[in-house]
1. How do 198-205, 84-91 rank on mean C-beta neighbours within 10 Å, highest first?
2. Under the Karplus relation 6.51 cos²θ - 1.76 cosθ + 1.60, θ = phi - 60°, what is the ordered set of whole-Hz ³J(HN,Hα) values for region 129-141, x standing for Gly and Pro?
3. Quick one: among 129, 30, 169, which has the greatest mean-square fluctuation in a GNM of the chain with alpha-carbon springs under 10 angstrom?
4. Applying 1/(1 + (r/R0)^6) with R0 = 30 Å to the Cβ-Cβ distance of residue 6 and residue 55, what FRET efficiency is obtained, to the nearest 0.05?
5. What residues qualify as long-range amide H neighbours of residue 244, i.e. H under 5 Å apart, gap of 5 or more or another chain, H built at 1.01 Å from N?
6. Compare 73, 25, 13 in a GNM of the chain, Cα atoms joined below 10 Å, and give the one with the largest fluctuation.
7. In whole Hz and in residue order, list the ³J(HN,Hα) couplings for region 14-24 that follow from phi through the Karplus curve 6.51 cos²θ - 1.76 cosθ + 1.60, θ = phi - 60°; x for Gly and Pro.
8. Nearest 500 deg cm²/dmol is fine: what mean residue ellipticity at 222 nm does the chain get from its DSSP H runs of n ≥ 4 alone, each adding -39,500 (n - 2.57), divided by its residue count?
Amino acid sequence: MSANPVNYHHLTPLSFLARTTQVFPDKEALVYREQRWTYAQFSARVNQLASALKKWGLQKGDRVAFLCPNIPPMSEAHFGVPLAGGVLVAINIRLAAQDIRYILNDAGVSIVFVDTELAPLVAEVRSQLTTVKEVVNIVDPFAVNAQEIQSGLEYESFLATGTTASVELDLVDENELISINYTSGTSGKPKGVMYTHRGAYLNALGEALEVGMDSRNVYLWTLPMFHCNGWCFTWGVVAVGGTQ
């Protein structure tokens, strides 16, 4: 029997947010200090990020890097970047500037979002980046060592160029890339590990089932989201309608 919408559905963790937003629209999705977002609000911001990226000119398969700690924009990126058709490259914030340069060039990143606390790392190698066309500044209001904003848009201003209307996912094959995760490079240069929509979907559900998560749970982030997509809890918490 050939695949059709009646008997076949591409596996992608982006479907978790669509479902949870319908089931728990007013439930808290994210809590960051005094800031709080419901699932309806979180979904709107995710769609706005995807819309802004597409308006910027992002093409399907383009690499989008995020260099920031565990803050809301990183959560939004795990849904918004692939929703726009991009491939997320979440970078280890503890790397040296030259390692970051290598990853950005090796992945062929088109646009990079950088927390102002880490801005000097990118500024140091900006002239050596061969594919990056745009640097967007993430201003964390609670950052301890925030630096001056580099040239380029600020994250919220970038989001404002998009709309909160639902963006339609263009996914032809569940084995398309959703992210590229780089190794720590302990035995040489960091190596990009290609991760698919299908793999992310299955691992996210597996993690949620393994730890017994449900909609009553609140997940406190200690694991870096840049490390294997936070072992896919970035998607798994949303799958069960939990709070993070």
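1. Numbers: 198-205: 20.1, 84-91: 24.6.
Top to bottom by mean Cβ count within 10 Å: 84-91, 198-205.
2. With the stated coefficients, region 129-141 comes to 7, 8, 10, 5, 9, 8, 10, 10, 8, 9, 9, 8, x Hz.
3. 169
4. Working: r = 34 Å, r/R0 = 1.15.
It comes out at approximately 0.30.
5. Amide H neighbours of residue 244: 30, 31, 219.
6. Answer for the Gaussian network model of the chain: 25.
7. 5, 5, 4, 5, 4, 5, 5, 5, 6, 7, 10
8. Details: 9 runs with 89 residues, N = 244.
For the chain, the value works out to -10500 deg cm²/dmol.
Quick note: the coordinates plus some simple rules give every number you see, no bench work behind them. Predicted model, so just to flag it, every value in this text is computed and none were measured. Positions of Cβ are backbone-derived with ideal geometry, glycine not excepted, and every protein chain shown enters the neighbour counts.
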